[in-house]
Amino acid sequence: MKTFGQRLERILHVIVDVQQVIASTLLVVIMVLVTFDVAGRNIWSHPIQGSYELTELGSALLVFLALAVTHRAGDHISIDFVATKLPIRMQQWLYAFVELVSMVVLFVIARELFKNGVRMMERGVTTTDLSIPTYPVLYVMTFATVIFALVALMKSIHHVMKAVKAYES
């Protein structure tokens with residue numbers, strides 16, 4: 001029987017995998033859009049209308065959707081030359097603390113993104129060329145940031161478990 005934490009982690013894992021697929025798809029769409037926009041501009045003297053806006057919105061979504069994937073895999077740039085000199089237990093406690101601080105900061109960022117999305121929705125802010133509402137993008141970015149924060153929480157829990165296990169051995 002799986003514990004609540006294991007089920008929550010599994011659900012989180014699936015959500016992050018879906019975000020990865022969406023981010024990868026967005027990357028391909030942006031590459032195709034830019035390619036056709038440049039070709040249209042240089043060959044037919046007719047660029048794709050709104051390509052800049054679509055690239056801008058797509059890039060923002062791509063970055064936010066990929067953050068949790070990158071964090072889960074541990075692929076961020078890190079400078080841990082001091083931490084590696086510490087005993088394993090201390091390293092794990094330090095990493096757990098850093099993950100918790102990251103989680104708190106990410107929840108604050110998510111709250112601000114959401115509040116900004118509400119303001120944009122109330123004001124009816126849209127892009128200039130295609131009149132695409134900007135608030136849905138901010139809501140997706142908020143969701144992705146919350147998932148990123150939950151990944152940081154799970155990593156923190158794993159580091160605490162490793163630290164406790166190091167005490168046992």
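Taking the criterion of being out of contact with any Ser or Thr (no Cβ under 8 Å at 6 or more places or on another chain), touching a residue at least 60 places away in the same chain (Cβ under 8 Å) and hydrophobic (A, V, I, L, M, F, W, C), the residues of the stretch 112-162 that qualify are Leu130, Val137, Val140, Met141, Ala144, Ile147, Phe148, Leu150, Val151, Met154, Ile157, Val160. The number of residues in the stretch 12-58 that are within 30 Å of Met154 (Cα to Cα) and of a type outside the set (Val, Ile, Thr) comes to 11. Selection of the stretch 112-161 for residues being within 27 Å of Val101 (Cβ to Cβ) and either of a type in the set (Phe, Trp, Tyr) or in contact with a Gly (Cβ under 6 Å, 6 or more places away or on another chain) (or both) yields Phe114, Leu138, Tyr139, Phe143, Phe148. Scanning the stretch 69-122 for residues that are among the aliphatic types (A, V, I, L, M) and assigned to a loop (DSSP other than H, G, I, E, B), we see that the one that is surrounded by the fewest Cβ atoms within 10 Å (Cβ to Cβ) is Ile77.
Bear in mind that the values in this text are calculations on the coordinates, not laboratory data. What you see is a predicted model; the values in this text were computed from it and never measured. Note: ideal-geometry Cβ built from the backbone for every residue, glycine included; neighbour counts use all protein chains shown.
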